[in-house]
Amino acid sequence: MRWLTAGESRITLLAAEGRSVEEVAGDYRAWIRSLFLDLAKDAGARDPEQLAERLVLLYDGAGISAWMDRDPSATKAARSVATALVDAAIPETSRPAKSRK
């Protein structure tokens, strides 16, 4: 792996390596799913797979909304929804003492 120079993109480099955009996007989405699943497990979620699935859906929707609507405030709304999802999915006894209500 090397640093990108002006005018290059990660996609350009991967295409030069013979990787398709679909492959790169698939790898990235798998990484995002894995990240949310690992975080949900580490946080003690009752159903980590379900929480990760919902967070991926929220992540995708917020990103598309911010991009299509050219409105970065979508991140504030997404953060609020993510907080509600996490609070509902993680038993209070699994949370660190300082974050308990």
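Coordinate-derived values only; no laboratory data. Not measured: the values here are computed from a predicted model. Methodologically, a virtual Cβ is constructed for each residue, glycine included, from the backbone with ideal geometry; neighbour enumeration extends over all protein chains shown.
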Figure the gain on full extension for MET68 and GLN50 (residue separation times 0.36 nm, minus the Cα-Cα span) and round it to one decimal in nm. 3.8 nm
Where only C-alpha atoms are counted, convex hull volume of segment 10-94 per residue in Å³: 97 Å³
Expressed as a whole-number percentage, the relative contact order of segment 10-94 with C-alpha contacts under 8 angstrom and at least six residues apart is 26 percent
So for the pair ARG79, ASP38, with labels modelled 7 Å out along Cα→Cβ, what separation do we get in nm? 2.4 nm
Take the Cβ-Cβ distance between ARG19 and ASP87 as r, set R0 to 35 Å, and report the resulting FRET efficiency rounded to the nearest 0.05. 0.35
Ranking request for peptides 84-91, 20-27, 36-43, 49-56: highest mean number of other beta-carbon atoms within 10 Å first, then the rest in descending order. 49-56, 36-43, 84-91, 20-27
